[in-house]
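Enquirer: To start, I am sharing the structure in question, which I have written as C-alpha coordinates.
The values are calculated or read from the model by the stated rules, or taken from the named source; none is laboratory data. Predicted model, so just to flag it, every value in this text is computed and none were measured. Quick reminder, even Gly has a Cβ in these numbers, built from the backbone with ideal geometry, and neighbours come from all protein chains shown. All accessible areas refer to the heavy atoms of the entire protein, side chains included, with ligands and DNA or RNA removed. Shrake-Rupley method; radii C 1.70, N 1.55, O 1.52, S 1.80 Å.
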Amino acid sequence: MRLTHVAVALGLVAMSTAYGQPAKEAGRQASAVQVQPVPTPAISEGNTGIAARYPGDVGIENDPDVVFVESFEGSVDEICSHWESAAGKPIMSKSDDAVPGSGGRQSLLLTRVAGGTDGYMDGGNFYRRIKNDKGGFGYDQLFFRFYMKFNEAHAPIHHYGSGLIGFFPPTPWAQGGAGVRPTGETRWTTQVEPGDFSTWDFYSYWQGMGGSPPRGQTWGNAFEIGVPPRTVAKGRWICLEIMAKMNDIGDSNGQQAYWLDGRLNRNQDGRITSYLGKGFPSVGTWTYDKFKPYATGRGIAWDYQQNKGVGIEGGRPFPGYAWRNKPELNINAIWLYRYMSQPEQGTSKVWWDHLVVAKKYIGPLTPVRP
(Lines give C-alpha, C1' and ligand atoms only; values in the text may rest on other atoms or scores of the structure.)
Protein backbone atom coordinates (compact mmCIF):
# COMPACT_ATOMS: atom_id res chain seq x y z
CA MET A 1 0.00 0.00 0.00
CA ARG A 2 1.48 3.32 -1.08
CA LEU A 3 1.30 6.14 1.45
CA THR A 4 0.45 9.50 -0.09
CA HIS A 5 0.58 12.78 1.81
CA VAL A 6 -2.30 14.91 0.60
CA ALA A 7 -0.34 18.15 1.06
CA VAL A 8 1.95 17.09 -1.78
CA ALA A 9 -0.96 16.82 -4.15
CA LEU A 10 -2.85 19.90 -3.05
CA GLY A 11 -0.27 22.32 -1.73
CA LEU A 12 3.33 21.74 -2.69
CA VAL A 13 2.52 21.30 -6.35
CA ALA A 14 1.03 24.77 -6.34
CA MET A 15 4.35 26.11 -5.07
CA SER A 16 6.18 24.42 -7.93
CA THR A 17 3.87 26.14 -10.41
CA ALA A 18 4.66 29.67 -9.27
CA TYR A 19 1.71 29.78 -6.88
CA GLY A 20 -0.88 29.06 -9.54
CA GLN A 21 0.74 30.61 -12.60
CA PRO A 22 -1.99 30.80 -15.29
CA ALA A 23 -1.94 28.39 -18.21
CA LYS A 24 -2.36 30.81 -21.09
CA GLU A 25 -2.37 28.04 -23.68
CA ALA A 26 -5.60 26.55 -22.24
CA GLY A 27 -8.85 26.66 -24.16
CA ARG A 28 -11.84 28.91 -23.68
CA GLN A 29 -13.08 29.65 -20.22
CA ALA A 30 -16.59 28.35 -19.55
CA SER A 31 -17.83 31.92 -19.13
CA ALA A 32 -17.33 32.41 -22.89
CA VAL A 33 -19.42 29.37 -23.88
CA GLN A 34 -23.00 30.14 -24.89
CA VAL A 35 -25.73 27.50 -24.80
CA GLN A 36 -29.51 27.47 -24.90
CA PRO A 37 -31.39 27.48 -21.58
CA VAL A 38 -33.20 24.33 -20.50
CA PRO A 39 -35.22 23.47 -17.38
CA THR A 40 -33.29 21.70 -14.64
CA PRO A 41 -33.83 17.99 -15.40
CA ALA A 42 -35.59 15.74 -12.93
CA ILE A 43 -33.17 13.93 -10.62
CA SER A 44 -33.75 11.75 -7.57
CA GLU A 45 -33.77 13.11 -4.03
CA GLY A 46 -34.55 11.81 -0.56
CA ASN A 47 -34.93 8.13 0.26
CA THR A 48 -35.62 7.08 -3.32
CA GLY A 49 -32.24 5.61 -4.21
CA ILE A 50 -30.39 2.34 -3.86
CA ALA A 51 -30.06 2.64 -0.07
CA ALA A 52 -33.85 2.50 0.36
CA ARG A 53 -33.70 -1.20 -0.54
CA TYR A 54 -31.03 -2.03 2.04
CA PRO A 55 -31.91 -0.94 5.59
CA GLY A 56 -28.78 -0.06 7.51
CA ASP A 57 -26.86 -0.53 4.22
CA VAL A 58 -26.80 -4.26 5.00
CA GLY A 59 -26.12 -6.09 1.74
CA ILE A 60 -25.85 -2.93 -0.34
CA GLU A 61 -22.49 -4.14 -1.69
CA ASN A 62 -24.39 -6.86 -3.60
CA ASP A 63 -26.55 -4.45 -5.57
CA PRO A 64 -25.74 -4.65 -9.30
CA ASP A 65 -25.42 -0.86 -9.52
CA VAL A 66 -22.97 -0.58 -6.61
CA VAL A 67 -19.28 -0.59 -7.56
CA PHE A 68 -17.52 -0.01 -4.22
CA VAL A 69 -18.42 0.00 -0.53
CA GLU A 70 -16.39 0.98 2.53
CA SER A 71 -18.25 0.15 5.73
CA PHE A 72 -15.37 1.26 8.02
CA GLU A 73 -15.82 -1.94 10.01
CA GLY A 74 -12.84 -3.89 11.35
CA SER A 75 -9.36 -2.77 12.36
CA VAL A 76 -7.62 0.31 11.01
CA ASP A 77 -5.25 -1.96 9.09
CA GLU A 78 -8.19 -3.81 7.54
CA ILE A 79 -9.85 -0.57 6.49
CA CYS A 80 -6.63 0.80 4.98
CA SER A 81 -6.16 -2.45 3.03
CA HIS A 82 -9.27 -1.63 0.97
CA TRP A 83 -7.54 1.42 -0.51
CA GLU A 84 -4.57 1.78 -2.86
CA SER A 85 -3.21 4.81 -1.02
CA ALA A 86 -3.76 5.85 2.58
CA ALA A 87 -2.19 8.41 4.89
CA GLY A 88 -2.69 9.26 8.52
CA LYS A 89 -2.83 5.85 10.20
CA PRO A 90 -1.34 7.36 13.40
CA ILE A 91 -4.48 9.50 13.82
CA MET A 92 -7.00 6.78 12.90
CA SER A 93 -8.92 4.68 15.39
CA LYS A 94 -12.09 2.63 15.60
CA SER A 95 -15.12 4.32 17.15
CA ASP A 96 -18.40 2.86 18.38
CA ASP A 97 -20.14 6.09 17.31
CA ALA A 98 -22.05 4.83 14.28
CA VAL A 99 -24.68 6.49 12.06
CA PRO A 100 -28.15 6.15 13.65
CA GLY A 101 -29.95 3.18 12.11
CA SER A 102 -26.70 1.66 10.87
CA GLY A 103 -26.38 -2.04 10.29
CA GLY A 104 -22.76 -1.78 11.44
CA ARG A 105 -21.17 -1.29 14.82
CA GLN A 106 -18.44 1.27 14.27
CA SER A 107 -17.05 4.16 12.28
CA LEU A 108 -13.53 5.43 11.63
CA LEU A 109 -12.35 8.33 13.80
CA LEU A 110 -9.51 10.62 12.71
CA THR A 111 -8.20 12.76 15.57
CA ARG A 112 -5.83 15.65 14.85
CA VAL A 113 -4.10 17.17 17.89
CA ALA A 114 -1.75 20.08 18.52
CA GLY A 115 1.82 19.09 17.69
CA GLY A 116 0.79 16.12 15.57
CA THR A 117 0.76 12.40 16.30
CA ASP A 118 3.95 10.34 15.83
CA GLY A 119 5.20 13.07 13.49
CA TYR A 120 2.01 13.14 11.40
CA MET A 121 0.57 16.65 11.10
CA ASP A 122 -2.11 16.40 8.41
CA GLY A 123 -5.75 15.27 8.44
CA GLY A 124 -5.79 11.78 6.88
CA ASN A 125 -6.87 10.49 3.47
CA PHE A 126 -7.83 7.50 1.33
CA TYR A 127 -7.55 7.06 -2.44
CA ARG A 128 -8.33 4.25 -4.85
CA ARG A 129 -9.19 3.59 -8.46
CA ILE A 130 -12.65 2.32 -9.39
CA LYS A 131 -12.76 -0.79 -11.53
CA ASN A 132 -15.48 -1.23 -14.15
CA ASP A 133 -17.20 -4.35 -15.43
CA LYS A 134 -15.03 -4.41 -18.58
CA GLY A 135 -11.79 -5.09 -16.74
CA GLY A 136 -10.53 -1.52 -16.78
CA PHE A 137 -11.12 1.54 -14.65
CA GLY A 138 -13.85 4.12 -14.64
CA TYR A 139 -17.38 5.03 -15.64
CA ASP A 140 -19.06 7.93 -17.42
CA GLN A 141 -21.36 8.63 -14.46
CA LEU A 142 -20.95 7.85 -10.78
CA PHE A 143 -22.52 8.73 -7.43
CA PHE A 144 -20.40 8.85 -4.28
CA ARG A 145 -22.10 8.95 -0.87
CA PHE A 146 -20.62 8.90 2.62
CA TYR A 147 -21.38 10.02 6.17
CA MET A 148 -19.26 12.30 8.33
CA LYS A 149 -19.40 14.00 11.71
CA PHE A 150 -17.21 16.89 12.96
CA ASN A 151 -16.60 17.64 16.62
CA GLU A 152 -17.65 21.08 17.86
CA ALA A 153 -14.02 22.23 18.25
CA HIS A 154 -13.00 21.25 14.72
CA ALA A 155 -10.73 23.85 13.08
CA PRO A 156 -11.37 25.24 9.57
CA ILE A 157 -10.33 22.85 6.80
CA HIS A 158 -8.11 23.92 3.92
CA HIS A 159 -9.44 21.22 1.58
CA TYR A 160 -11.86 18.39 2.23
CA GLY A 161 -12.40 15.85 -0.49
CA SER A 162 -15.41 13.83 -1.35
CA GLY A 163 -13.58 13.67 -4.62
CA LEU A 164 -14.63 12.12 -7.92
CA ILE A 165 -11.57 12.11 -10.13
CA GLY A 166 -10.39 11.31 -13.64
CA PHE A 167 -6.73 10.65 -14.45
CA PHE A 168 -5.37 9.37 -17.75
CA PRO A 169 -3.73 7.05 -17.39
CA PRO A 170 -5.37 6.15 -14.06
CA THR A 171 -2.76 5.84 -11.32
CA PRO A 172 -2.95 3.99 -7.97
CA TRP A 173 -2.15 7.25 -6.16
CA ALA A 174 -3.51 10.78 -6.37
CA GLN A 175 -1.73 13.20 -8.70
CA GLY A 176 -0.95 16.84 -8.07
CA GLY A 177 -2.20 19.84 -10.00
CA ALA A 178 -3.18 22.63 -7.62
CA GLY A 179 -3.27 25.94 -9.47
CA VAL A 180 -2.96 24.36 -12.93
CA ARG A 181 -5.81 24.33 -15.46
CA PRO A 182 -6.37 20.84 -16.94
CA THR A 183 -6.24 20.46 -20.70
CA GLY A 184 -8.99 17.86 -21.02
CA GLU A 185 -6.47 15.15 -21.89
CA THR A 186 -5.04 13.85 -18.61
CA ARG A 187 -7.12 14.91 -15.60
CA TRP A 188 -10.13 16.60 -14.06
CA THR A 189 -11.29 16.63 -10.42
CA THR A 190 -14.28 17.72 -8.43
CA GLN A 191 -15.24 17.64 -4.78
CA VAL A 192 -17.54 19.33 -2.27
CA GLU A 193 -15.96 21.09 0.70
CA PRO A 194 -17.01 22.58 4.07
CA GLY A 195 -14.08 25.04 4.32
CA ASP A 196 -14.52 27.24 7.39
CA PHE A 197 -17.89 25.55 8.08
CA SER A 198 -19.88 28.61 6.96
CA THR A 199 -21.14 26.88 3.80
CA TRP A 200 -20.68 23.90 1.48
CA ASP A 201 -19.38 24.44 -2.03
CA PHE A 202 -18.00 22.75 -5.11
CA TYR A 203 -14.26 22.81 -5.77
CA SER A 204 -13.66 21.73 -9.38
CA TYR A 205 -10.76 21.60 -11.82
CA TRP A 206 -11.53 21.19 -15.51
CA GLN A 207 -10.40 22.67 -18.81
CA GLY A 208 -13.11 25.35 -18.86
CA MET A 209 -12.27 26.75 -15.45
CA GLY A 210 -12.01 30.51 -15.12
CA GLY A 211 -9.00 32.61 -14.17
CA SER A 212 -8.94 34.85 -11.12
CA PRO A 213 -7.04 37.99 -10.04
CA PRO A 214 -4.34 39.14 -9.77
CA ARG A 215 -2.65 37.05 -12.50
CA GLY A 216 -5.38 34.82 -13.86
CA GLN A 217 -4.66 31.91 -11.51
CA THR A 218 -6.84 28.84 -11.81
CA TRP A 219 -7.87 27.55 -8.41
CA GLY A 220 -10.80 25.22 -7.89
CA ASN A 221 -14.00 26.76 -9.26
CA ALA A 222 -17.23 27.21 -7.29
CA PHE A 223 -20.78 27.36 -8.64
CA GLU A 224 -23.11 28.47 -5.85
CA ILE A 225 -22.00 32.00 -5.12
CA GLY A 226 -24.57 34.55 -4.00
CA VAL A 227 -27.01 31.97 -2.62
CA PRO A 228 -27.99 31.54 1.04
CA PRO A 229 -25.17 29.90 3.03
CA ARG A 230 -25.45 26.23 3.87
CA THR A 231 -23.93 26.15 7.33
CA VAL A 232 -21.99 22.97 8.08
CA ALA A 233 -23.45 21.33 11.17
CA LYS A 234 -21.08 20.07 13.84
CA GLY A 235 -21.78 17.39 16.39
CA ARG A 236 -24.14 15.35 14.18
CA TRP A 237 -23.89 12.92 11.29
CA ILE A 238 -24.13 14.45 7.80
CA CYS A 239 -24.85 12.54 4.61
CA LEU A 240 -23.08 13.98 1.57
CA GLU A 241 -23.57 12.56 -1.92
CA ILE A 242 -21.99 13.88 -5.09
CA MET A 243 -22.51 12.97 -8.73
CA ALA A 244 -20.46 13.60 -11.84
CA LYS A 245 -21.43 12.79 -15.41
CA MET A 246 -18.93 12.96 -18.24
CA ASN A 247 -19.50 14.99 -21.39
CA ASP A 248 -19.72 13.61 -24.89
CA ILE A 249 -16.55 14.41 -26.82
CA GLY A 250 -16.80 17.82 -28.46
CA ASP A 251 -19.75 18.85 -26.26
CA SER A 252 -20.11 20.56 -22.87
CA ASN A 253 -22.98 18.36 -21.72
CA GLY A 254 -21.19 17.10 -18.60
CA GLN A 255 -22.99 17.52 -15.28
CA GLN A 256 -22.44 17.48 -11.54
CA ALA A 257 -24.58 17.66 -8.42
CA TYR A 258 -24.49 17.18 -4.70
CA TRP A 259 -27.02 16.38 -1.98
CA LEU A 260 -26.92 17.04 1.77
CA ASP A 261 -28.95 14.52 3.76
CA GLY A 262 -30.65 13.54 0.52
CA ARG A 263 -31.67 17.03 -0.60
CA LEU A 264 -30.32 19.19 -3.38
CA ASN A 265 -29.56 22.76 -2.36
CA ARG A 266 -32.01 25.51 -3.27
CA ASN A 267 -31.95 29.29 -3.10
CA GLN A 268 -34.39 31.55 -1.29
CA ASP A 269 -36.86 31.14 -4.18
CA GLY A 270 -36.74 27.35 -4.05
CA ARG A 271 -34.71 26.98 -7.24
CA ILE A 272 -32.05 24.26 -7.36
CA THR A 273 -28.46 25.46 -7.12
CA SER A 274 -26.40 22.29 -6.51
CA TYR A 275 -27.23 20.53 -9.81
CA LEU A 276 -25.62 22.07 -12.90
CA GLY A 277 -25.28 21.06 -16.53
CA LYS A 278 -25.58 22.31 -20.08
CA GLY A 279 -28.25 25.02 -20.10
CA PHE A 280 -29.18 24.80 -16.41
CA PRO A 281 -29.48 26.74 -14.22
CA SER A 282 -31.15 28.57 -17.07
CA VAL A 283 -29.65 31.91 -16.06
CA GLY A 284 -26.67 33.08 -14.03
CA THR A 285 -23.60 35.29 -14.01
CA TRP A 286 -19.84 34.64 -13.74
CA THR A 287 -17.57 36.59 -11.44
CA TYR A 288 -14.17 35.35 -12.59
CA ASP A 289 -14.11 31.64 -11.60
CA LYS A 290 -17.37 31.69 -9.62
CA PHE A 291 -20.86 31.17 -11.00
CA LYS A 292 -23.84 32.94 -9.44
CA PRO A 293 -26.96 30.91 -10.27
CA TYR A 294 -30.03 32.95 -11.26
CA ALA A 295 -28.13 36.26 -11.15
CA THR A 296 -28.79 38.56 -14.12
CA GLY A 297 -26.34 41.42 -13.62
CA ARG A 298 -23.21 42.02 -15.64
CA GLY A 299 -20.28 39.69 -14.89
CA ILE A 300 -16.50 39.76 -15.15
CA ALA A 301 -13.91 37.33 -16.56
CA TRP A 302 -10.13 37.25 -16.69
CA ASP A 303 -8.75 38.36 -20.07
CA TYR A 304 -5.33 36.74 -20.61
CA GLN A 305 -4.48 39.01 -23.53
CA GLN A 306 -5.05 42.17 -21.53
CA ASN A 307 -3.95 40.55 -18.26
CA LYS A 308 -6.92 41.97 -16.37
CA GLY A 309 -10.59 41.43 -15.63
CA VAL A 310 -13.07 42.55 -18.28
CA GLY A 311 -16.83 42.92 -18.16
CA ILE A 312 -18.96 40.21 -19.76
CA GLU A 313 -22.65 39.73 -20.36
CA GLY A 314 -24.51 38.28 -17.40
CA GLY A 315 -27.77 36.45 -17.01
CA ARG A 316 -26.86 33.55 -19.31
CA PRO A 317 -27.44 29.80 -18.93
CA PHE A 318 -24.79 27.67 -17.27
CA PRO A 319 -22.54 26.35 -20.09
CA GLY A 320 -22.15 22.81 -18.77
CA TYR A 321 -18.90 20.93 -18.26
CA ALA A 322 -16.44 19.85 -20.93
CA TRP A 323 -14.61 17.60 -18.50
CA ARG A 324 -12.65 15.77 -21.20
CA ASN A 325 -11.54 15.69 -24.84
CA LYS A 326 -11.28 11.90 -25.17
CA PRO A 327 -13.47 9.04 -23.94
CA GLU A 328 -10.65 7.33 -22.04
CA LEU A 329 -10.66 10.15 -19.51
CA ASN A 330 -13.58 9.14 -17.34
CA ILE A 331 -14.44 8.90 -13.62
CA ASN A 332 -11.86 6.38 -12.50
CA ALA A 333 -10.93 7.21 -8.89
CA ILE A 334 -12.32 8.42 -5.58
CA TRP A 335 -10.49 10.42 -2.94
CA LEU A 336 -11.64 10.92 0.62
CA TYR A 337 -9.38 13.33 2.47
CA ARG A 338 -9.01 16.10 5.01
CA TYR A 339 -6.13 18.46 4.20
CA MET A 340 -5.20 20.65 7.18
CA SER A 341 -2.47 23.12 6.22
CA GLN A 342 -2.29 25.04 9.52
CA PRO A 343 -0.86 23.70 12.81
CA GLU A 344 -3.58 22.36 15.07
CA GLN A 345 -4.37 24.62 18.04
CA GLY A 346 -6.76 22.23 19.76
CA THR A 347 -8.27 18.89 18.79
CA SER A 348 -10.11 18.31 15.51
CA LYS A 349 -12.06 15.09 15.09
CA VAL A 350 -13.93 13.71 12.11
CA TRP A 351 -15.81 10.42 11.90
CA TRP A 352 -16.36 8.65 8.54
CA ASP A 353 -18.88 5.90 7.85
CA HIS A 354 -21.08 4.22 5.22
CA LEU A 355 -19.26 5.09 2.00
CA VAL A 356 -20.90 3.81 -1.19
CA VAL A 357 -20.04 4.39 -4.87
CA ALA A 358 -22.67 3.46 -7.44
CA LYS A 359 -23.89 3.97 -10.98
CA LYS A 360 -27.23 5.37 -9.75
CA TYR A 361 -28.47 7.67 -7.00
CA ILE A 362 -27.83 6.14 -3.56
CA GLY A 363 -29.61 8.37 -1.08
CA PRO A 364 -29.36 8.50 2.71
CA LEU A 365 -29.15 5.38 4.85
CA THR A 366 -32.49 3.74 5.57
CA PRO A 367 -32.53 2.76 9.28
CA VAL A 368 -32.45 -0.91 10.17
CA ARG A 369 -35.92 -2.20 10.87
CA PRO A 370 -36.59 -3.08 14.53
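Enquirer: Restricting to region 267-278, name every residue that is among the aliphatic types (A, V, I, L, M) and crowded, with 22+ Cβ neighbours inside 10 Å.
Expert: Filtering region 267-278 down to residues among the aliphatic types (A, V, I, L, M) leaves 272, 276.
Hit for region 267-278 is 276, nothing else.
Enquirer: Moving on. Looking at region 68-83, is at least one residue modelled with pLDDT of 95 or more, assigned to a loop (DSSP other than H, G, I, E, B) and of a type in the set (Val, Ile, Thr)? Walk me through how you get there before you give the answer.
Expert: Applying the first criterion (modelled with pLDDT of 95 or more) to region 68-83 yields 68-83.
With assigned to a loop (DSSP other than H, G, I, E, B) added as a condition, the list becomes 71-75, 81-83.
Narrowing the set further to residues that are of a type in the set (Val, Ile, Thr) leaves none.
No, the conditions are met nowhere in region 68-83.
Enquirer: Next up: For region 158-178: of the residues being of a type outside the set (Gly, Ala, Ser) and open to solvent by less than 10 Å² (accessible area, probe 1.4 Å), which is farthest from residue 331 (Cα to Cα)? Please lay out each step first, then the result.
Expert: First, the residues of region 158-178 that are of a type outside the set (Gly, Ala, Ser): 158-160, 164-165, 167-173, 175.
The next check asks that each one be open to solvent by less than 10 Å² (accessible area, probe 1.4 Å); those that pass are 160, 164-165, 167.
Values: 160: 19, 164: 7, 165: 6, 167: 8 Å.
That would be 160.
Enquirer: Another question about this same structure. Mind listing just one residue for me: the one in region 339-370 that is of a type in the set (D, E, K, R) and in contact with a helix residue (DSSP H, G or I) (Cβ under 8 Å, 6 or more places away or on another chain) and, of those, least open to solvent (accessible area, probe 1.4 Å)? If you could, list the steps in order and put the result at the bottom.
Expert: Of the residues in region 339-370, the ones of a type in the set (D, E, K, R) are 344, 349, 353, 359-360, 369.
Still in the list and also in contact with a helix residue (DSSP H, G or I) (Cβ under 8 Å, 6 or more places away or on another chain): 360, 369.
Numbers: 360: 113, 369: 172 Å².
Among residues in region 339-370 that are of a type in the set (D, E, K, R) and in contact with a helix residue (DSSP H, G or I) (Cβ under 8 Å, 6 or more places away or on another chain), the one least open to solvent (accessible area, probe 1.4 Å) is 360.
Enquirer: Another question, if that's okay. Working only within region 185-203, note down all residues that are in contact with a Phe, Trp or Tyr (Cβ under 9 Å, 6 or more places away or on another chain) and small (Gly, Ala, Ser).
Expert: First pass over region 185-203, keeping only residues in contact with a Phe, Trp or Tyr (Cβ under 9 Å, 6 or more places away or on another chain): 185-195, 197, 200-203.
Result: 195, single match.
Enquirer: State which residue pairs qualify: first residue more than 23 Å from residue 280 (Cα to Cα) and inside region 295-310, second residue of a type in the set (A, V, I, L, M) and surrounded by 16 or more Cβ atoms within 10 Å (Cβ to Cβ) in any location, beta carbons under 6 Å apart, and separation of 6 or more residues or different chains.
Expert: 309/300
Enquirer: Something else: Of a type outside the set (D, E, K, R), part of a loop (DSSP other than H, G, I, E, B) and either surrounded by fewer than 17 Cβ atoms within 10 Å (Cβ to Cβ) or touching a His at 6+ places or on another chain (Cβ under 8 Å) (or both): is that true of residue 319 in this structure? Don't jump to the end; show me each part of the working.
Expert: Numbers: of a type outside the set (D, E, K, R): yes; part of a loop (DSSP other than H, G, I, E, B): yes; either surrounded by fewer than 17 Cβ atoms within 10 Å (Cβ to Cβ) or touching a His at 6+ places or on another chain (Cβ under 8 Å) (or both): no.
In short, no.
Enquirer: Can you pull out every residue in region 89-142 that is touching a residue at least 40 places away in the same chain (Cβ under 8 Å), surrounded by fewer than 17 Cβ atoms within 10 Å (Cβ to Cβ) and under 28 Å from residue 158 (Cβ atoms)?
Expert: Within region 89-142, 97, 113, 114, 115, 116 meet the criteria.
Enquirer: Out of all the residues in region 194-217, which are closer than 21 Å to residue 157 by Cβ, small (Gly, Ala, Ser) and in a loop (DSSP other than H, G, I, E, B)?
Expert: Selection gives 195, 198.
Enquirer: Another question, if that's okay. Mind listing just one residue for me: the one in region 179-206 that is open to solvent by 10 Å² or more (accessible area, probe 1.4 Å) and of a type in the set (Gly, Ala, Ser) and, of those, farthest from the chain's Cα centre (by Cα)?
Expert: So, considering only residues that are open to solvent by 10 Å² or more (accessible area, probe 1.4 Å) and of a type in the set (Gly, Ala, Ser), the one farthest from the chain's Cα centre (by Cα) is 198.
Per-residue answers, yes or no, for (1) in contact with a Pro (Cβ under 7 Å, 6 or more places away or on another chain); (2) open to solvent by less than 10 Å² (accessible area, probe 1.4 Å):
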{"position": "254", "(1), (2)": "no, yes"}
{"position": "265", "(1), (2)": "no, no"}
{"position": "280", "(1), (2)": "yes, yes"}
{"position": "295", "(1), (2)": "no, no"}
{"position": "308", "(1), (2)": "no, no"}
{"position": "313", "(1), (2)": "no, no"}
{"position": "326", "(1), (2)": "no, no"}
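Enquirer: Now for a different question. For region 89-111, what are the residues that are more than 20 Å from residue 365 (Cα to Cα), outside any strand (DSSP E or B) and touching a Lys or Arg at 6+ places or on another chain (Cβ under 8 Å)?
Expert: Within region 89-111, the first condition is being more than 20 Å from residue 365 (Cα to Cα), and the residues that meet it are 89-94, 110-111.
Add one more test, that the residue is outside any strand (DSSP E or B), and what stays is 89-91.
Within region 89-111, just 91 meets the criteria.
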